[in-house]
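The values are calculated or read from the model by the stated rules, or taken from the named source; none is laboratory data. What you see is a predicted model, and the numbers here were worked out from it, not measured in a lab. Here the Cβ is made from the backbone with ideal geometry for all residues, glycine too, and neighbour counts use every protein chain on show. To get the accessible areas, we keep the full protein, side chains included, count just its heavy atoms, and leave off ligands, DNA and RNA. Shrake-Rupley method; radii C 1.70, N 1.55, O 1.52, S 1.80 Å.
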Amino acid sequence: MQLQSFVAIPNVAYLGAAILFILSLGGLSNQETARRGNSYGLVGMVIAIGATILLLVVPDAYGTTRVISSENWTLLITTALVGGVIGSVMAKRVAMTAMPQLVALLHSFVGLAAVLVGISTWLTADLAGHGSDLVHLLEIWFGVAIGAITFTGSIVAWAKLRGWLFGKRVPGAPLLLPGRHGLNAIAALTCIGMAVPYVSDTVSQAETAIELEEQLQTAEGVVERLENEPAGTRLMQDEIKKAVAEVERIEAAIQVASQPSTDSRAFLFLMMLTGLTCLLGVHLVIAIGGADMPVVVSLLNSYSGWAAASAGFMLANDLLLVTGALVGSSGAILSYIMCKAMNRSIWNVVFGGFGTDGGNPTGEGTEIEGEVTVTDIEEVAQLARNAKSIMIVPGYGMAVARAQHLVNEFSGMLRKRGCNVRYAIHPVAGRLPGHMNVLLAEAGVPYDIVLEMDEINGDCPETDLVLIIGANDVVNPGAETDESSPIYGMPVIQVWKAETTVVLKRSLGAGYAGVGNPLFFKENNRMLLGDAKDSMSQLTALLT
Amino acid sequence: MRIGIPKEVLNGERRVAATPDTVKKMIKMGFEVSVEAGAGALANYPDQMFTAAGASITSDVHSLWSSSDLICKINPPQARSDGSHEANLLADRGTLISLLFPEQNPELVEHLQSGSKTAIALDKIPRITRAQKMDVLSSMANIAGYRAVLEAAHLYGGFFGGQITAAGKTRPAQVLVIGAGVAGLAAIGTARGLGAEVRAFDVRPACKEQVESMGARFLMLDVPMDESQESSGGYANIMSDEFLKAELECFANQAKEVDIIITTALIPGRKAPELILQDMIDSMKPGSVIMDLAAEQGGNCTATVPGQVVVSSGVHVVGYTDLTSRLPTHASQFFGTNIVNLLSDMGGAGDFKVDFEDEVVRKSTVVRQGTLTWPPPPDPEKPPVMSQGKQDSEVVADLPQTKKSSGHGHGASNEPMAIGPRNAIALTLAVVLALIGFTAESAPVPHFVQQVTVFLLACFIGWQVVWSVTPALHTPLMSVTNAISGIIVVGGLLGVAGTELNTAAVLGAVAILVASINIAGGFLVTQRMLQMFRKEDN
């Protein structure tokens, strides 16, 4: 009775933790409840870890208690503490512009952990027990594969977001190997193929172990029979010694056979799988262009969830299973939203090599003809003073120029003058879903004047002035009109319907997607060339 | 295409459906415009101005109607003094754009179903963000709210703003506005502008912010406000009695204090609720004014006589139904602009069409080519992506009544941690999941199948919950999922928890290390980000 109740505590705790995790995601449905949601998540995590430790130290359903050596305890606690400290420092130091990198890095950690847990689970399995079940072995196989893809894929995404790959090339330009689809297919087939010897080896080892168990019984029977013989002749003594030696030999063999070893062929295959899927992860992400990084990061978010869920399968741990599924669906939804916002299918993103398969990206789309009207600070200040309603469309360029604080100051001043200033956010603005909102929040922009594209698009015709700061493709009218444009069909913010638009831009180059923008040539558009931060500080000065 | 602008025949109507300014826009869109002689005279738009804008002036009303493809006017068609009926004057293939109020005017609707006539009811334009620029009810309500305060000020024997002069000082006038819709908010703004102290009431607690942003005090009832909101759900009857009682009690107390009451409580398509009763009027100071903007729908005040000013216990009870017509110049301008926006939405002169794919056109078309197309089919379910509350941009119905009122659930998303349908589904599933988890040990279900069940249920819960996350918080969503994926630390713990310091243990330890980075890093960075999100002036 008492034992049973001990066993139930972790289960109940896991259930509680799972519900708290669900509430923590649910809390994010609006800004007011979000912080509480995060605390729910934290409480859930503490409960879950506490319960797991309890599970390790109390006797299990059969009354046996796990023995944990003090070295292992030390290792466990040290790594947890070190990890905690590293995580805290990273969280504290990270600049909000670098959030995508941090998120990508954290995904890679989940992937890595899934790989390690998978291998470690295989190594600690009791082959004579259910450790050699086909389902269990395949769970490990799948978990390691998805974990490894997540791990290296996220590392590459992280490096791309930092602009680390390939020296001075355009940040995040895709690297396309010849015949890459074929390579991916071969890698995938090999992974499936290698599962066969891995499973058969492990199973045959397990069979050997079971066979040895039987031999052991026979040998033990011999020893027993001999010891029960009445007279202990010298010859008999030798017989007994021999029989006992045989028992010891078999016991040693069982020891070897029932414990999976790092020397076995199955382990070699498991390692080869890890290596191959690691390469596959690199290859998959390296072929994806920089403009698609928000989708890739969302997709890897999803993968990291599935990796955690597969760890749940192999460890038969329901909490891990549930959490993994939550995270996996969350990432899948984000990927879907991102793809929708770019009018592309997920397959196109993952295998497409955007704007590169057809050759020169800037060459696509109809040539735009017309004059660009360049303006100066005074005129923009004048426009802002006279406007009753202003929309600001920020893009990642604003964050790169570190202009968001000045933009907030600017919009605050205009709002004090009674002007209706609002921010319009395209779902793919920034390098991560919702990234722009975080950057604006950091700069102090109240979230209730920051609106999503769908909420604000209808108001464009009544807007007197639109300031486009560091954004380009998301306000490209070509997406609606020019069928030959690579971004044709992508929903965009219809700024050209406003009275006047002003584009703050460093130069007259193409956007991140490498597509020319007909907006620049519209009659009611003005270009304010120069560094966004300088321009904003001059504008703010003129308005005071 | 030719647009005809007839002179309004309704008695006392001073507005006109087009102004020289909007005529110019129509012509720019490619229309020809004919205006009946003297149509804009009462709104201070003489015929010469229309001519200057490019319109032709005609005094033959019958030919104006019959030769125009499109007739734009303000009031529903009615019988004319020469015995003809405007609905009959409309050309056989003509299109009429005006207020129609099809619920109240069934005979008129029947009348219009002849030949190949088309009739679009401006009062049926759906109240969605995109259609705001065409929404005459909002633009007129705004004017009515403004004018109501001026009329009240005119009748009131005192200053609105407090005065401190050598001849003594006066207190600012106390104004109560009931219903914080478009008209109510305009009234609050105008009264504040004149210096009065304003308080306002609305059954929708979500209005509190808007009311306060206009500088008025929002009256709260003793009945908890969140309960009042539930009245739009299933518990209407029991709730509404208690709520109604508290509401009337509140008004009775207010009546003793205030000098001006402006009521704007309307239920679309129904009689206005009676909120100011005779004993409240009796308790008011003599010289006080009650402006009843609901007079046309029966009035919010018992003493209201539509179209008239009555004096009851020394209190002026004003039931004007033509407040917008009392500001004809700008009312015409707004009305005309709303019409121009609608015309542009329908394709301008070039490809003008009554396109039923367009939600705005579908909902406002009462008759199309002689066939009744009203009421429109109900809305299909909205896709889950659009679940965000958009109160700021949609101040709509002027105070829907607590009783029986239905279909205004917005505001729910602003309730902290409200258990919406989505969360309810998630919680139910969580319980089911728990039951499976607990019973599985004894059930003969193979372990793997049970795991798959749990997994799929959890995917479903995740799907439900994550769709409700606001897009603005997608980055914190990612970082918090990073944090909770750190639960994989459990796998590492199991790997280390042994007697030996072997490969498995070391691998487990590394897993613990990276998973702990995720847990600590994920939660902290999420917290950091969420703390940045602040509301205005908070």
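Data for the structure
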{"item": "With Cα atoms, 0 to 90° folded angle of helix A:134-162 axis to chain A main axis", "result": "30 degrees"}
{"item": "Average partner coverage of A:428-438, which counts Cβ from other chains inside 10 Å", "result": "5"}
{"item": "Accessible surface, the protein assembly as shown, averaged per residue in Å² (probe 1.4 Å)", "result": "42 Å²"}
{"item": "Using alpha-carbon coordinates, inclination of helix A:293-315 to the longest axis of chain A, degrees", "result": "20 degrees"}
{"item": "Shielding of B:124-134 by partner chains, average beta-carbon count, 10 Å", "result": "2"}
{"item": "The stretch A:433-495-the stretch A:40-61 distance, computed between alpha-carbon centres (Å)", "result": "46 Å"}
{"item": "Under 14 Å from the Cα of B:LYS271 - aspartates and glutamates, other chains or at least 8 residues apart", "result": "B:GLU103, B:ASP292, B:GLU296, B:ASP398"}
{"item": "Per-residue average of Cβ from other chains inside 10 Å of A:47-59", "result": "3"}
{"item": "Protection proxy ranking of A:326-335, B:145-154 - average other beta-carbon atoms within 10 Å, highest first", "result": "A:326-335, B:145-154"}
{"item": "Order by protection proxy (mean Cβ within 10 Å, highest first), peptides A:392-400, B:278-286", "result": "A:392-400, B:278-286"}
{"item": "Volume of the Cα convex hull of the protein assembly as shown, divided per residue and given in Å³", "result": "220 Å³"}
{"item": "Phi to ³J(HN,Hα) by Karplus 6.51 cos²θ - 1.76 cosθ + 1.60 over the stretch B:521-527, Hz, x for Gly, Pro", "result": "x, x, 5, 5, 5, 5, 4"}
{"item": "Local electrostatic count, B:SER116, Cβ distance below 11 Å [Lys/Arg +1, Asp/Glu -1]", "result": "+2"}
{"item": "Exceeding the 23 Å Cα-Cα cut-off - candidates A:LYS497/B:LYS73; A:LYS497/B:LYS28; B:LYS28/B:LYS117", "result": "A:LYS497/B:LYS73; B:LYS28/B:LYS117"}
{"item": "With every protein chain in place, the stretch A:186-229: carbon and sulfur % of accessible area (1.4 Å)", "result": "58 percent"}
{"item": "For q = 0.07, 0.10 Å⁻¹, Debye-computed log10 I/I(0) when each Cα of chain A counts as one equal scatterer", "result": "-0.54, -0.92"}
{"item": "Gyration tensor (alpha-carbon) shape descriptor, the stretch A:453-536, a/c threshold 1.5", "result": "oblate"}
{"item": "Amide H contacts under 5 Å for B:VAL366, placed H, 5+ residues apart", "result": "B:ALA119, B:ILE120, B:ALA121"}
{"item": "With Cα atoms, 0 to 90° folded angle of helix A:2-26 axis to chain A main axis", "result": "10 degrees"}
{"item": "Of A:GLN101, A:ILE19, A:LEU137, farthest towards positive along the dipole that unit charges on Lys, Arg, Asp, Glu beta carbons give the stretch A:18-144", "result": "A:GLN101"}
{"item": "Lys, Arg +1 and Asp, Glu -1 on Cβ, resulting dipole of the stretch B:6-125 about Cα centre, debye, nearest 20", "result": "380 debye"}
{"item": "Charged-residue dipole, Cβ positions (Lys, Arg, Asp, Glu), the protein assembly as shown about Cα centre, Debye nearest 20", "result": "2600 debye"}
{"item": "Size of the stretch B:16-145 as Cα extents on the principal axes (Å, biggest first)", "result": "39, 37, 28"}
{"item": "DSSP loop GluC sites (Glu not before Pro) with at most 12 other Cβ within 10 Å: longest gap in chain A", "result": "A:1-366"}
{"item": "A versus B: buried accessible surface, summed, Å² (probe 1.4 Å, to nearest 100)", "result": "9600 Å²"}
{"item": "Greater than 26 Å apart at Cα, pairs in A:LYS388/B:LYS25; A:LYS340/B:LYS353; A:LYS388/B:LYS24; A:LYS388/B:LYS535; A:LYS533/B:LYS133; A:LYS416/B:LYS24", "result": "A:LYS340/B:LYS353; A:LYS533/B:LYS133; A:LYS416/B:LYS24"}
{"item": "Selection from A:SER485, A:ILE449, A:VAL503 lying farthest towards where the dipole of the stretch A:440-544 points positive, charges on Cβ", "result": "A:VAL503"}
{"item": "Positive-end residue of B:ALA148, B:THR170, B:GLN113, charge dipole of the stretch B:84-178 with Cβ unit charges", "result": "B:THR170"}
{"item": "Distant-in-sequence amide H partners of A:VAL503 (H built 1.01 Å from N, under 5 Å)", "result": "A:ILE468, A:ARG526, A:MET527, A:LEU528"}
{"item": "Straight-distance crosslink candidates among lysines, where the alpha carbon sits under 24 Å from B:LYS285 and sequence neighbours closer than 8 are dropped", "result": "B:LYS169, B:LYS245, B:LYS256"}
{"item": "Estimated dipole of chain A in Debye, rounded to 20 [Cβ of Lys and Arg +1, of Asp and Glu -1, Cα centre]", "result": "1840 debye"}
{"item": "Rounded D (µm²/s) - the stretch A:420-483, Kirkwood Rh over Cα pairs, Stokes-Einstein at 10 °C, 1.306 mPa s", "result": "124 µm²/s"}
